[in-house]
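Q: Before anything else, here's the structure in question.
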Amino acid sequence: MANPPSEIKAHVLATVTRLVAVLLVPIAFCRAPGRARFLACQWALGLRYPAEDLRGLAPETLTAFTHARAEAFWRDGQLIGLTSGHRDAAEQHRIFTAEVRRTGSVSAARRRVLPPQESSHVRGHALDVRPTEGARWLEEHGGRYGLYRIYANEWWHFEYRTVEPVQLPHPGAAAWLPEHGAAYGPCQTYGDEPWHDELRPDPTEDPRTQP
């Protein structure tokens, strides 16, 4: 059976993105010789997913995410884009109230989205990613960076944690945990492959300032 047009398009875009990244490496090398592949990856993925917005993520979450997807890109040829990261309280409130109206109850809405005071998106520690293959890679390897899939009913949602959390059936189940959200902070594990030396964070360079 022939692949549907959407799969063919995704494959073509992924191939083009990898080619663009390779072409950008020399330019990135001129800017930061020790971080050329890292920068080229971020630039290429920014072109592939132009709507993604990394602003507002907590520094440790941003570092973990950008370095994890650089490994996915160069080691396994896997693209990971950000669908939604940081949200301010007003936006989260709007999303939550809309879900309450759609489902007809607060408890039903909490199975899909949390109010601002409970949301890790508002704290800058949550990431909604795409495509499904990228999320699958992150679920398998993201723990080395402190990134974990949190809810069984959301394949796209990951959060930065300093210790591996218990996966919950849905966001509303977080109320069962008395110390939900406490395990945040710096995570110093970035994988054990030799090439990771190139991708370790540079404390003098904020990845958010990159194109």
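The values are calculated or read from the model by the stated rules, or taken from the named source; none is laboratory data. Computed from a prediction, not measured in an experiment: that's the story for all the values here. Note that we place each Cβ from the backbone using ideal geometry, even for glycine, and neighbour counts take in every protein chain shown. The accessibility values were calculated without ligands, DNA or RNA, using every heavy atom of the protein model including side chains. Shrake-Rupley method; radii C 1.70, N 1.55, O 1.52, S 1.80 Å.
Q: Determine whether the stretch 142-157 contains at least one residue that is open to solvent by less than 20 Å² (accessible area, probe 1.4 Å), among the β-branched types (Val, Ile, Thr) and at pLDDT 95 or above. Lay out the reasoning, then the answer.
A: Of all residues in the stretch 142-157, those open to solvent by less than 20 Å² (accessible area, probe 1.4 Å) come to 142, 145-147, 150-151, 154, 157.
Narrowing further to those that are among the β-branched types (Val, Ile, Thr): 150.
When the remaining residues are screened for being at pLDDT 95 or above, the result is 150.
Yes, there is a match, as at least one residue in the stretch 142-157 is open to solvent by less than 20 Å² (accessible area, probe 1.4 Å), among the β-branched types (Val, Ile, Thr) and at pLDDT 95 or above.
Q: Run down Val113, Val106, Val122 and say which single residue is in contact with a helix residue (DSSP H, G or I) (Cβ under 6 Å, 6 or more places away or on another chain), free of Cβ contacts under 8 Å to residues at least 12 places away in the same chain and of a type in the set (Val, Ile, Thr). Let's see the steps before the verdict.
A: Details: Val113 fails: free of Cβ contacts under 8 Å to residues at least 12 places away in the same chain; Val122 fails: free of Cβ contacts under 8 Å to residues at least 12 places away in the same chain.
None of the other options fit; the residue is Val106.
Q: Regarding Val25, is this residue of a type in the set (A, V, I, L, M, F, W, C), surrounded by fewer than 20 Cβ atoms within 10 Å (Cβ to Cβ) and in contact with a helix residue (DSSP H, G or I) (Cβ under 6 Å, 6 or more places away or on another chain)? Outline the logic, then answer.
A: On the way: of a type in the set (A, V, I, L, M, F, W, C): yes; surrounded by fewer than 20 Cβ atoms within 10 Å (Cβ to Cβ): yes; in contact with a helix residue (DSSP H, G or I) (Cβ under 6 Å, 6 or more places away or on another chain): yes.
Yes, satisfied.
Q: Additional query: Of the residues that sit in the stretch 28-57 and are touching a residue at least 24 places away in the same chain (Cβ under 8 Å) and assigned to a loop (DSSP other than H, G, I, E, B), which one is surrounded by the most Cβ atoms within 10 Å (Cβ to Cβ)?
A: Leu57
Q: Considering only the stretch 69-179, give the strands (runs of 3 or more DSSP E) lying wholly within it that have at least 1 residues that are basic (Lys, Arg).
A: Values: elements: 81-84, 126-130, 147-149, 157-160.
Qualifying strands (runs of 3 or more DSSP E): 126-130, 147-149.
Q: Additional query: For the stretch 58-75, which residues satisfy the criterion of being among the aromatic types (Phe, Trp, Tyr) and open to solvent by less than 40 Å² (accessible area, probe 1.4 Å)?
A: Within the stretch 58-75, the first condition is being among the aromatic types (Phe, Trp, Tyr), and the residues that meet it are 65, 73-74.
The answer is Phe65, Phe73.
Q: Touching a Cys at 6+ places or on another chain (Cβ under 8 Å) and either closer than 27 Å to Leu13 by Cα or not charged (D, E, K, R) (or both) - does that describe any residue in the stretch 134-145?
A: Going residue by residue through the stretch 134-145, those that are touching a Cys at 6+ places or on another chain (Cβ under 8 Å) are 145.
Now drop any that are not either closer than 27 Å to Leu13 by Cα or not charged (D, E, K, R) (or both), which leaves 145.
Checked the stretch 134-145: at least one residue is touching a Cys at 6+ places or on another chain (Cβ under 8 Å) and either closer than 27 Å to Leu13 by Cα or not charged (D, E, K, R) (or both).
Q: Please tell me if Glu133 is touching a strand residue (DSSP E or B) at 6+ places or on another chain (Cβ under 6 Å) and surrounded by fewer than 19 Cβ atoms within 10 Å (Cβ to Cβ).
A: Numbers: touching a strand residue (DSSP E or B) at 6+ places or on another chain (Cβ under 6 Å): no; surrounded by fewer than 19 Cβ atoms within 10 Å (Cβ to Cβ): yes.
No; evaluated as a whole, the condition is false for this residue.
Q: Going by the structure shown, is Arg18 crowded, with 20+ Cβ neighbours inside 10 Å, of a type in the set (D, E, K, R) and part of a helix (DSSP H, G or I)?
A: Numbers: crowded, with 20+ Cβ neighbours inside 10 Å: no; of a type in the set (D, E, K, R): yes; part of a helix (DSSP H, G or I): yes.
Answer is no for this residue.
Q: For residues that are more than 17 Å from the chain's Cα centre (by Cα) and either surrounded by 14 or more Cβ atoms within 10 Å (Cβ to Cβ) or within 24 Å of Leu13 (Cα to Cα) (or both), tally how many sit in the stretch 76-103.
A: Here the count works out to 9.
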